[in-house]
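Heads up: the structure comes next, in C-alpha cells.
The values are calculated or read from the model by the stated rules, or taken from the named source; none is laboratory data. Quick caveat: nothing in here was measured; it's all calculated off a predicted structure. A quick note on method: Cβ atoms are made from the backbone with ideal geometry, for glycine too, and the neighbour counts reach across all protein chains shown. Side chains included, ligands, DNA and RNA excluded: accessible areas come from the protein's heavy atoms. Shrake-Rupley method; radii C 1.70, N 1.55, O 1.52, S 1.80 Å.
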Amino acid sequence: MSITLIIVIITCIVSIVSLNNDKMKAELIFWPAVIKNNRQYYRFLSYGLIHADYIHLSFNMLSPYSFGVLVEHHLFSAPYFFGEKGKLFFIIMYIGALIVSTIPDYIKYKNVYGYTALGASGAVSAVIFAGIVLQPQLPIRFMFIPFDIPGYVFGILFLALSAYLAKKGTGNIGHVAHFFGALFGVVFTVIAVKAFSTNHTDVLGDFMRSILNR
C-alpha cells in the first residue's frame with residue numbers, strides 16, 4: 001500500500017472521529033501557547049490529522065491523493081531520483097512540512113492562548129510543489145476553470161496570493177502555513193535530489209529550462 005493512501009486513510013479516520021469528539025480535537029490541535037507551556041511538541045504533527053469539517057477534510061485529502069500518487073510513485077520513486085527510497089523521502093517530506101509550516105505561527109502566537117489551528121494544508125502544499133518542481137509543465141485544473149494551468153504558473157500565483165493574504169491577515173485560513181509548506185516542498189525536493197538522487201539531477205536548472213523553453 002502506498003504511503004499516500006496510508007496518510008489519507010489515517011487522516012480521514014482520525015478527522016471523522018474528532019468531529020464528534022471535542023476533547024480529542026483539543027488534545028490534537030495545534031495550540032502554540034499550550035505547546036510552549038506544557039511542552040506538548042507532538043502537536044506540531046497531530047494537528048495535521050484533524051480538520052474543521054467534512055469539506056475541509058475533503059479538499060485537504062483530495063489534493064494529496066491526486067498529487068501524492070504522482071510524487072510518491074512516478075517522481076520520487078523513479079530510478080533517476082530516489083528509486084526504492086522514494087517512499088521514505090516522501091514521508092520525510094510530508095512530516096517535515098507539517099512541522100516547518102507551523103513554525104512561523106508558533107513564533108507569532110506562542111503567547112496567545114486563544115490561537116489554534118488544524119488541518120494538513122501545509123503538508124499538502126509541500127506535496128503539490130514537489131510535483132511542480134520535478135514536473136513544471138504538470139497540468140493543474142480546478143472545477144471552476146475549464147482548462148489546464150501549467151504547474152509553474154499555478155505555483156507562482158499560489159505563492160503570491162498566499163503571501164498577500166497572509167500579510168493581510170483576514171479570514172481563518174492558514175495562508176502562512178500554505179506559503180511555508182509550499183516553500184518547504186520546493187527546498188526539500190531540490191536539496192534531496194541534489195544530495196541523494198542516483199544521477200544528482202540539476203532540478204532548478206531543469207525547472208528553469210522547462211519554463212523558458214515553453
Original post:
In nm, to one decimal, how far is the A26 label point from the Y65 one, both placed 7 Å along Cα→Cβ?
Top reply: 3.2 nm
Original post:
Check F81: other-chain or 5+ apart residues with amide H under 5 Å from its amide H, H built from backbone geometry?
Top reply: T198
Original post:
What's the extension gain from K168 to S58 if we count 0.36 nm per residue and subtract their Cα-Cα distance?
Top reply: 37.0 nm
Subject >> Local electrostatic count, I16, Cβ distance below 13 Å [Lys/Arg +1, Asp/Glu -1] >> reply: 0
**OP:** Tell me which residues come under 5 Å, amide H to amide H, from I149 once H is placed; ignore anything under 5 positions away on its chain.
**Re:** I140, R141
Original post:
For the chain, modelled as a Gaussian network with Cα springs under 10 Å, which listed residue fluctuates most, H73, H51, H178?
Top reply: H73
**OP:** Please give the net charge around I35, taking every other residue with its beta carbon less than 10 angstrom from that of I35, where Lys and Arg add +1 and Asp and Glu add -1.
**Re:** +4
**OP:** Could you do me a favour and compute the accessible area per residue for the chain, 1.4 Å probe, result in Å²?
**Re:** 53 Å²
Subject >> Residue among L19, L28, L49 with the largest mean-square fluctuation in a Gaussian network model of the chain, springs linking Cα atoms under 10 Å >> reply: L19
Subject >> Stretchable slack from I95 to R39, in nm (0.36 nm times residue separation minus alpha-carbon distance) >> reply: 18.3 nm
Subject >> segment 45-142 - charge dipole about Cα centre, Lys and Arg +1 at Cβ, Asp and Glu -1, debye rounded to 20 >> reply: 120 debye
